[in-house]
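Inspection log for the structure reproduced underneath, given as structure tokens.
The values are calculated or read from the model by the stated rules, or taken from the named source; none is laboratory data. What you see is a predicted model, and the numbers here were worked out from it, not measured in a lab. Cβ atoms come from the backbone with ideal geometry, glycine included; neighbour counts cover every protein chain shown. Areas reflect the complete protein model, heavy atoms only, side chains present, ligands, DNA and RNA absent. Shrake-Rupley method; radii C 1.70, N 1.55, O 1.52, S 1.80 Å.
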Amino acid sequence: MNRTLRKLSTVIVGTLLLSTIMTTTTTAAAPAASHNVLLDRWTGPFGGIPPFDRIQASDFEPALEAGMAAQQREIEAIAKNPAPATFDNTIAALERAGRLLDRTSRVFGIYSSTLKTPEIQRIESDMAPKLSAHSDQIIQNTALFHRIEAVFDAREHSGLTSEQQRLTWLTYTNFVRAGARLDAPAKARLTALNQSLASLYTRFSQNLLADENEHWLALDTETDFAGLPESIRAGLMAGATERGIHAKGAVLNTRSSVEPFLEFSSRRDLREKVWRTFVSRGDNGDAHDTNALIAQILKLRAERAKLLGYPTHAHWRLEDSMAKTPEHAMALMEAVWTPAVERVHQEVSDMQALADRDSTTAGTPKIRIEPWDYRYYAEKVRKEKYDLDANAVKPYLQLEKLREGMFWVAGQLFDFHFKELPKGQVPVAQPDIRVFEVSTGKGAHVGLWYFDPYARPHKESGAWMNEYRSQERFEQPVTTIVSNNANFVKGRAGEPILISWDDATTLFHEFGHALHGLSSNVTYPSLAGTSVARDYVEFPSQLLEHWLSTPEVLNRFALHYQTGKPIPPELVAKIHRAETFNQGFKTVEYLSSALIDMKLHLAGDTPIDPKRFESETLAALGMPHEIVMRHRTPQFGHVFSGDGYSAGYYSYLWADTLSADAWEAFTEAGGPYDPGVAARLREHVFSIGNTVDPAEAYREFRGRDPGTAALMRKRGFPVLNPPTQHSR
Ligand SMILES: [Zn+2]
């Protein structure tokens with residue numbers, strides 16, 4: 001997941017440093033106790049670093065207010081410029097404007113995802129509608145829009161570089177898509193809608209976090225731990241201690257705690273309990289229930305889309321994506337859905353046979369595979385069919401060693417080298433966070449990578465990448481600062497953290513986003529790094545997942561935590577043989593969520609009861625009874641805690657189509673580390689940000705459009721003939 005701040009909705013929040021702010025930084029040797037450090041430009045090494053050691057939560061509100069006021073003044077100056085509109089006095093000037101707000105919002109984004117205390121939550125609730133109104137005020141500035149339009153109309157014959165033309169197109173399109181052309185009453189309505197939505201998103205994510213924090217299953221007796229391998233058991237015990245839960249261990253209501261328990265616990269009754277609590281997040285009919293919020297969000301989104309001239313929210317959202325239309329995205333999802341469901345039926349029958357045999361052997365009553373059994377029996381089938389035991393793999397998957405492995409891959413493909421900075425050299429928001437400097441082989445500074453691996457209270461669940469600062473060389477060269485964030489259970493002090501194969505894949509995934517940010521080599525910050533189309537941004541990250549299973553990485557870095565010996569080749573061979581195992585489950589779990597997301601947002605202004613919609617749509621799709629959506633509607637944070645992935649959860653499948661196809665570019669050539677293909681990848685994918693249309697950039701890299709054949713092969717599904725070309 002990529003949580004790069006989308007610069008306050010779709011507005012180009014540009015940059016300008018107020019002279020007053022510059023003064024503070026150059027003079028203040030010993031700032032007064034009440035000094036708000038967020039108002040200052042970042043100082044220190046690496047072109048300035050975020051001053052986490054001096055930020056107080058109470059600084060955010062005044063800094064965000066000051067940032068909005070400053071940007072408003074800058075925008076007025078651009079709009080009222082008596083000189084005719086040019087690229088420099090309009091488009092580039094917008095890039096210069098809003099720097100204080102951009103910087104503050106990014107730091108606030110770090111707090112609201114990783115240190116979301118009640119105080120931060122309150123600020124978030126208070127500020128969300130104000131920020132949304134501010135962004136609308138810029139979009140709706142008619143004089144400003146006319147200047148943008150003038151530069152846009154003249155873009156092809158005013159001597160602009162292709163990057164400048166792209167930025168002009170993007171700025172203009174963002175303004176139009178956000179309502180710049182509407183008449184005054186429509187603009188007023190749009191502002192009201194955006195503000196209401198901003199508040200609803202905040203309430204949704206806070207309700208969800210509350211349900212994750214306030215529910216857990218306490219494990220008291222030895223039998224409560226039945227079936228759990230040592231590392232998972234240790235994690236659950238550490239989790240209870242950390243949360244101050246008075247029990248031997250606890251299954252927290254988060255994915256990283258729940259999934260391993262469902263995979264290994266032999267206590268079917270406890271699995272059911274844990275599963276029910278987890279899939280009921282936001283759906284308990286209490287104060288944190290999100291169903292009413294969702295109905296309201298969908299209603300307001302449908303109204304907004306109509307107002308902006310689109311049939312539905314999905315049409316509006318997809319217009320500037322690589323897929324372009326909901327129909328293209330639906331066609332891909334539907335093509336994959338049928339073979340995936342077919343595969344689930346086979347998987348279930350394998351598991352049912354195993355469960356029946358077990359009950360006969362044990363003389364216990366027969367069971368029918370239920371959703372809380374899927375992960376448990378899938379693991380057993382994997383063991384039997386592929387002789388692959390996840391617990392046999394895990395001792396080789398040490399978090400720290402895999403981190404070194406990722407660094408090694410970055411060295412091979414990107415000539416990036418990572419060096420950990422001594423504690424204290426660069427301030428961090430929380431003591432567990434570590435900072436690494438990234439340089440090229442020749443020693444040129446590339447950027448900083450912050451690593452925040454552990455779960456803790458007030459941190460959102462899951463894994464993601466943040467961009468603290470984007471690369472640019474517009475007025476002066478600025479280097480990238482990115483972070484990778486995860487929720488690994490810390491385990492016992494001094495012992496290596498062993499992670500699952502899936503978690504190792506996620507680790508590489510998020511690192512792919514980080515490399516995308518770090519590779520950026522563009523002029524304008526709005527086009528930098530991961531600021532690309534939503535269905536393209538997951539492509540570099542999903543592609544990077546592939547390098548985990550290369551022998552080069554496994555032999556060097558998948559080392560047994562006790563013996564230090566590399567993972568045996570027989571075990572690697574088993575991992576490869578089992579690669580397409582359980583792809584029915586994985587695809588259907590994901591795709592059911594993606595289809596519900598798209599269908600909810602294609603329904604237009606039909607009033608929606610989220611619960612009924614979900615169950616009726618799944619029934620119509622033929623959703624297997626044994627699987628639940630990866631994100632049920634009431635807990636679908638991707639879609640309801642912001643506009644970001646709304647009508648956009650399909651992006652992961654879209655991007656995986658690209659990544660499977662791109663990986664075959666390596667395997668068709670000299671292998672995963674082929675220098676020629678790696679160079680093309682850097683040149684046409686990782687370094688260009690949004691300076692080139694993604695479909696064109698892909699064609700440059702691959703020599704042709706992407707097809708679905710590689711995706712079907714990767715998942716072990718029958719290859720459709722002929723392969724569908726879906727890029728335009
Ligand atoms: Zn991602």
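Take the Cα radius of gyration of region 349-407 and divide it by 2.2 N^0.38 Å, N being the number of residues; the result is 1.54. Note on region 72-170: along the principal axes its Cα atoms extend 53, 26, 17 Å, ordered by decreasing extent. Using just its DSSP H runs of length 4 or more, each adding -39500 (n - 2.57), the chain gives a mean residue ellipticity at 222 nm of -17000 deg cm²/dmol after division by all residues. Both radii were evaluated on the Cα set of region 544-681; the Rg over Rh quotient, with Rh as the Kirkwood radius, amounts to 1.10.
Rg over Rh for region 461-560 works out to 1.05, using Cα positions for both radii and the Kirkwood form for Rh. The fraction of accessible area contributed by carbon and sulfur in region 421-467 is 57 percent, rounded to a whole number (1.4 Å probe; ligands and nucleic acids excluded).
Based on the Stokes-Einstein relation at 20 °C and a viscosity of 1.002 mPa s, and on the Kirkwood radius from alpha carbon pairs, region 623-728 is assigned a translational diffusion coefficient of 135 µm²/s. When both bridge partners sit in the chain, DSSP labels roughly 75% of those beta bridges antiparallel. Using C-alpha pairs below 8 Å separated by at least 6 residues, the relative contact order for the chain is 15 percent.
Of all aspartates and glutamates in the structure, the ones whose alpha carbon falls short of 15 Å from that of residue 586, not counting any fewer than 8 places away in one chain, are 259, 263, 342, 347, 373, 379, 502, 503, 626, 656. Per residue, region 50-179 exposes 36 Å² of solvent-accessible protein surface, assessed with a 1.4 angstrom probe and all protein chains in place. Split the accessible area of region 593-689 by element, probe 1.4 Å, and carbon with sulfur accounts for 51%.
Of the cross-linked pairs 248/490; 419/565; 248/380; 116/490; 366/574, those separated by over 23 Å at the C-alpha level are 419/565; 248/380; 366/574. Taking the longest Cα principal axis of the chain as reference, the axis of helix 60-79 is set at about 50 degrees.
The H on the amide N of residue 468, modeled in the peptide plane, is under 5 Å from the matching H of 481, 482, 483, each at least 5 residues off or on a different chain. Please report the base-10 log of the normalised intensity I(q)/I(0) for the chain, using a Debye sum with one equal scatterer per alpha carbon and no solvent, at each q in 0.09 (1/Å). Rounded to two decimals, the profile gives -0.82.
Taking every C-alpha pair closer than 8 Å and separated by at least 6 residues, the mean separation divided by the residue count of region 429-507 gives a relative contact order of 26 percent.
Working ranking of peptides 519-532, 468-481 by packing, defined as the average number of other Cβ atoms within 10 Å per residue, highest first, is 519-532, 468-481. In the context of the full set of protein chains, region 606-728 has a per residue accessible area of 38 Å² (1.4 Å probe). Accessible surface calculations at 1.4 Å, restricted to protein heavy atoms, place region 292-338 at 36 Å² per residue.
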